[in-house]
1. Just wondering, is there one or more residues in the range 95-115 that are surrounded by fewer than 13 Cβ atoms within 10 Å (Cβ to Cβ), of a type in the set (Ser, Thr, Tyr) and part of a helix (DSSP H, G or I)?
2. Take Gly80 and decide whether it is out of contact with any Lys or Arg (no Cβ under 8 Å at 6 or more places or on another chain) and closer than 21 Å to Asp41 by Cβ.
3. Exactly one condition in (1) more than 25 Å from the chain's Cα centre (by Cα); (2) part of a helix (DSSP H, G or I); (3) small (Gly, Ala, Ser) is false for Ala141; which is it?
4. Among all residue pairs at least 6 apart or on different chains, which show Cβ distances below 7 Å where the first residue, located in the range 117-129, is of a type in the set (Lys, Arg) and the second is in a helix (DSSP H, G or I)?
5. Filter the range 52-78 for residues that are among the polar types (S, T, N, Q) and either touching a Pro at 6+ places or on another chain (Cβ under 9 Å) or in a loop (DSSP other than H, G, I, E, B) (or both) and give the result.
6. Here are the criteria: (1) modelled with pLDDT of 90 or more; (2) over 23 Å from Ser28 (Cβ atoms); (3) not polar (S, T, N, Q). Tell me which single one Lys108 does not satisfy.
Amino acid sequence: MQLVEAVSSASKSSITVHLPRGSSAFKSYKPILTELYKRLDGIQKFQIFTMDASQAGVVVCKKGPESEPVEISLSRQIDGIFTTKEKVQRMMTDHIETLSPPVRNTEKIAQMYHNIRPYVPAEFQSDPLYAKPSEQEGEDAKSRKQARREHRAAMAVAAKASQD
């Protein structure tokens, strides 16, 4: 039933949506989850994970579809008391911090304007995401790209010299 609701409420198109700076769409969950639950050590050896609301904090892991399930409790125990469902709900609603926006990447700004914007529908080309980079941003992007090319060329020469 949840899957049907998720699909029904999902976007019907692949049109990009602009999220203004300061939007609360991106939040930092790691500090809260680290406080509430233990790490799942050896996670890479498993391929299938299932959880059930009736067993809060328990993850059933399987290495493959035919392998035996392994139940792992990730709930933290403080003074012999496991983390309660109510505490998890309270922490997830009251104590999650909104992430600050990432630093503007001048190379990405130039790439979005020069390589992506020409293919964006006209009604969305005025979006700040596709804005023309300032002269300073353009110069910075060029110098970074040139420095990266020079570094890669030097690394290729060094690799070739070490093979000989």
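The values are calculated or read from the model by the stated rules, or taken from the named source; none is laboratory data. Source: prediction; values computed, not measured. With ideal geometry, Cβ positions are generated from the backbone for all residues, glycine too; neighbour counts draw on all protein chains shown.
1. no
2. no
3. (1)
4. Arg117/Tyr130
5. Selection gives Ser54, Gln55, Ser67.
6. For Lys108, the exception is condition (2).
Here's the yes/no breakdown for (1) among the small types (Gly, Ala, Ser); (2) modelled with pLDDT of 90 or more:
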| position | (1), (2) |
| --- | --- |
| Pro69 | no, yes |
| Thr84 | no, no |
| Arg104 | no, no |
| Arg117 | no, yes |
| Gln136 | no, yes |
| Ala159 | yes, yes |
